[in-house]
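These notes concern the structure reproduced below.
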Amino acid sequence: MKFATRFWFSVVLVVVLVPFLNAQQRTASSAAATTLAVSESNAPDFCPHLFSAGSGNNYLRYCVTDNGNITLIETPLGHSHMGTNGEGYGLCQESPAVEYHDYAVSDSGNWQPSQIVSLTKSLIKISRTTSDGRWTLVQTISKVAATGSIKVVMALTNNARSDQVAYLLRFADIDPDGKVSGSLATASLQSAGAIAVIADTPHYGLQLLSLGKSPFGYQQGFVLSADTLPNACDFASGIDLQGFSFGEGHPGYNPMVEYVYAGAVPAGQTLTVTMNYRGT
């Protein structure tokens with residue numbers, strides 16, 4: 001008799017609790033969906049995540065893909081700077097040599113699907129692990145309304161059991177003010193970028209700047225002199241050794257830049273760098 005009583009009590013408990021738990025799960029799922037649905041609702045079809053801020057000279061509008069590529073940068077209003085060869089990130093494991101990249105128009109194909117960790121009206125955080133599981137790159141891309149700039153934080157984790165030397169780069173095909181010819185691309189220890197220098201017109205451009213102290217032992221900006229996307233394991237190939245390239249009078253000139261970090265990443269550890277895209 002006691003067994004029967006316990007049995008019917010258990011049945012009643014399940015009947016009562018299952019709908020309650022299902023409702024809780026639906027509520028949690030709905031909340032998560034809401035959290036990931038806050039990028040600007042007026043984003044065009046080609047732009048998965050659109051962000052904007054400021055006005056006047058500090059106006060900023062940019063687009064981020066699910067994989068963490070910035071495919072549109074407009075600052076100030078009416079002045080766009082991204083070219084057709086993409087923008088994104090490259091990674092090289094030095095030994096054994098393995099190259100990974102995603103420049104929006106070109107993906108090395110050895111990444112796992114990206115995961116959007118968080119998305120608000122001011123930032124997107126994206127995690128992506130290489131298909132061999134050795135590396136995880138977490139990008140946090142956020143707007144800085146006060147300066148009309150984009151903050152890009154890249155956190156690289158070595159998932160292996162041994163220390164590894166890695167090269168981490170950010171690449172951008174910059175058409176300053178929408179112009180290819182009549183532009184000047186420059187690079188330095190802390191930055192890389194390009195400006196439009198056509199006579200009798202305002203000179204607008206875009207700069208990629210490394211911020212703060214880097215945990216990597218090496219860092220440098222480069223101008224790419226060839227119209228070829230960078231190989232992270234051979235990042236110095238195709239660079240302009242002078243550190244600048246002037247495109248006036250060269251219709252085929254296409255200013256592209258990269259910023260590179262290189263150094264040892266201890267096993268199980270994360271090295272983080274911070275960069276900034278800003279109008280010049």
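The values are calculated or read from the model by the stated rules, or taken from the named source; none is laboratory data. Because the structure is predicted, anything quoted here is derived from the model rather than measured. Reconstructed Cβ throughout: ideal geometry from the backbone, glycine too, with neighbour counts over all protein chains shown.
At pLDDT 95 or above, among the β-branched types (Val, Ile, Thr) and surrounded by 17 or more Cβ atoms within 10 Å (Cβ to Cβ): does that describe VAL265? Walk me through how you get there before you give the answer.
Values: at pLDDT 95 or above: yes; among the β-branched types (Val, Ile, Thr): yes; surrounded by 17 or more Cβ atoms within 10 Å (Cβ to Cβ): yes.
So VAL265 fits the description; yes.
Of all residues in the stretch 217-233, which are in contact (Cβ under 8 Å) with a residue 24 or more places away in the chain and outside any strand (DSSP E or B)? Please lay out each step first, then the result.
Here is the first cut: in the stretch 217-233, the ones in contact (Cβ under 8 Å) with a residue 24 or more places away in the chain are 217-224, 227, 229-233.
GLY217, ASP227, LEU229, PRO230, ASN231, ALA232, CYS233, listed by residue number.
Could you grab the pairs with beta carbons closer than 8 Å, sequence gap of 6+ or different chains, first residue in the stretch 252-280 and basic (Lys, Arg), second one part of a loop (DSSP other than H, G, I, E, B)?
These pairs meet every condition: ARG278/THR75; ARG278/THR147; ARG278/GLY148.
Restricting to the stretch 165-216, count the residues that are in contact (Cβ under 8 Å) with a residue 60 or more places away in the chain, touching a His at 6+ places or on another chain (Cβ under 7 Å) and in a loop (DSSP other than H, G, I, E, B).
3
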